[in-house]
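Note sheet for the following structure.
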Amino acid sequence: MDFLMKLGNTDRRILYIILALAVLMPLISPMGLPFRVSPWTEKFYGAVEKLQAGDIMLMSIDYSIGGAPDVHPQAEAIFKHAMRKNLKVVFVAFVTEGVEFGNQMIIAAEATGKKYGQDFVNLGFAPGVEVAISAFGQDIYKPFPKDVRGNVAQDLPIMKGLKTAADFKLITEYATGIPGPAEWIRQVQTRYKTPLACGVVTMMGPQTEAYYQSGQLVALLSGLRSAAEYEVAMKAPGSATAAMDAQSMGHIALVLFVVLGNIAYFGEKSKKGRR
Amino acid sequence: MSTDLGVWVAAICTLAMFTFLYKDNTVFRTFQHLYVGVAAGYGIVFQYKSIKNIAWDPLTKKGDMLMLVPIILGLLMFTRFIKGYSWISRWPIAFLIGLGAALSMKAIETDFVRQIQATLIPWNSIDNIVIIVGTVTALTYFYFTVKQNSLVKGASTVGRYVLMMTFGASFGNGVMGRISLLISRFQFLFTDWIYIIKK
């Protein structure tokens, strides 16, 4: 019973060290634990896959730096898929950090020979959250008169024929909070009927599922795990896939902590009861 | 090991944040303030650019006088700092609240009608039955204005378990998200800073 007492009073810093090792070791020496592509990720992959070369897809990068490790790999994987299919991609952001994440992806694509203004454009940031999304839906150029490089948005070749949100073949939204799927569904999907697919931070997964099940979203990705699945679906494993072993080991460590914590708690409780 | 100054700054910032895991300390607090300051500065630059592109340039270069409305409303916000005139700042706030409320009206359709429609499904699969029973019992848990007979009590108890399972799923997702953050930092530290993990 003394052991249970000690177990229950374990210094939290020891738990941090165990967790850090559990996560770090598989990153240094990958174990190749298997995981399958979920039907949800397949749906997202299918939504991008069925677009034709030259179709224009919107990527609204609305995640913060804090949640980026969970969502950015999703956006990267989907953008790579879009480039592989020769789609045209328009980036927008309704949170300030989104602009830089869009720029990062664009710079990487430019290195492969794709052309800014023809294959993709970053229209930058628009303030106003839901109001801005609503304005964007009605007229793209009202909240985004210029792109991040100072060009008049309307003059860029990629923007030819684009006027409202209805002109996109697919809208994809990546979010860690507000604005997120709810705002896009309210202001764009319901009005313009453009297919909307979302990638969200893991925490938002359960609450966003309701929109997917009701058909308001055509596809949904949730967290790093979904990004890894998407990379596997594309047959192009990347950083998210490499992180899956670490994530699995981290979960095992946490489950063990919860189980041992409960054993210690109930053990101590029954000991006190006997007294 | 990286020779990039930016990578070193990011690595030092990351390690400073990790020091909190040992205990609260001055290094952690210093870098926390630094982070808040940088984030605020970054945000102000983008907001300034947006105001210039969306309102100021159309007003001054194209003569779009309508832009005076948001500019004046925005400036009125600052009356909050002027003693005796702070009440004027309520006008733009009232405008914003009105606008927000109007835009949110769409939620009646998207979050209410469509979600109810989504539960009007045939009882022909386990998934559908779980959705219907889960929704009805969870709502029953919050139904306080009816006599608590055995049927309502039973449904309410089931609803409580449904809610607990939902919270459990949210907690699990939360944990998963936090582990992702840790992985990302480790990937940065040991891939971009110290070359221990192969790219």
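Coordinate-derived values only; no laboratory data. Just so it is clear, the model here is predicted, and its values are computed rather than measured. Neighbour counts are summed over all protein chains in view; Cβ atoms, including those assigned to glycine, are modelled from backbone coordinates with ideal geometry.
Can you give the FRET efficiency to the nearest 0.05 for B:V133 and A:F266, using r as the Cβ-Cβ distance and R₀ = 30 Å?
After rounding to 0.05, the efficiency reads 0.45.
For the pair B:V113 and B:V69, a Förster radius of 25 Å applied to the C-beta separation gives a FRET efficiency near 0.15, rounded to the nearest 0.05.
Between the residues A:S222, A:A210, B:A169, the greatest Cα displacement towards the positive end of the dipole of the protein assembly as shown, with unit charges on the Cβ of Lys, Arg, Asp and Glu, is found for B:A169. Here the sum of -39500 (n - 2.57) over DSSP H runs of 4 or more residues, divided by the residues of chain A, equals -15000 deg cm²/dmol at 222 nm, to the nearest 500. Relative to the current alpha-carbon distance between B:A40 and B:V152, full extension at 0.36 nm per residue lengthens the span by 35.2 nm. For trypsin sites (Lys or Arg not before Pro), the sites in segment A:1-101 that DSSP calls loop and that have at most 15 other Cβ atoms within 10 Å are A:R36, A:K50.
Could you pull out the pairs from A:K80/A:K169; A:K142/B:K52; A:K50/B:K199; A:K146/B:K62 whose alpha carbons sit more than 23 Å apart here? Beyond 23 Å between Cα atoms: A:K50/B:K199.
Per-residue Cβ neighbour counts within 10 Å put A:H251, A:H72, B:H33, A:H81 in the sequence B:H33, A:H251, A:H81, A:H72, beginning with the fewest. A helix-only calculation puts chain B at -21500 deg cm²/dmol for mean residue ellipticity at 222 nm, using -39500 (n - 2.57) for each DSSP H run of at least four residues, averaged over all residues. Per residue, the average separation of C-alpha pairs within less than 8 Å and at least 6 apart gives segment B:119-193 a relative contact order of 24 percent. Membrane-span-like helices of chain B, defined as complete DSSP H segments with a Cα extent of 18 Å or more along the helix axis and a mean Kyte hydropathy of at least -1.0, are identified as B:5-18, B:26-51, B:90-104, B:126-141, B:150-187. For A:K115, the aspartates and glutamates whose Cα comes closer than 19 Å to its Cα, not counting residues fewer than 8 places off in the same chain, are A:D55, A:E76, A:E100, A:D147, A:D155. The alpha-carbon atoms of the protein assembly as shown, seen along their principal axes, cover 84, 69, 60 angstrom, with the largest extent given first. Checking every one of the trypsin sites (Lys or Arg not before Pro) in segment A:136-217 against DSSP loop status and a limit of 10 other Cβ atoms within 10 Å picks out A:K160, A:K193. Across segment A:39-238, the relative contact order, built from alpha-carbon pairs under 8 Å that are at least six residues apart, equals 27 percent. A rounded overall shape is assigned to segment A:39-238, the ratio a/c of its alpha-carbon gyration tensor axes (a ≥ b ≥ c) being less than 1.5. Computed on the Cα trace of segment B:5-68, the radius of gyration divided by the Kirkwood hydrodynamic radius gives Rg/Rh = 1.34.
A crude spin-label estimate for the pair B:K52 and B:W123, with each label 7 Å from Cα along the Cβ direction, gives 6.5 nm.
A crude spin-label estimate for the pair B:Y143 and B:T30, with each label 7 Å from Cα along the Cβ direction, gives 6.1 nm. Considering only DSSP beta bridges where both residues belong to chain A, give the percentage that are antiparallel (nearest 5). In chain A, DSSP labels about 5 percent of beta bridges as antiparallel. Note on A:Y16 and B:T60: their simple-model spin labels are 5.0 nm apart, each label 7 Å out from Cα toward Cβ.
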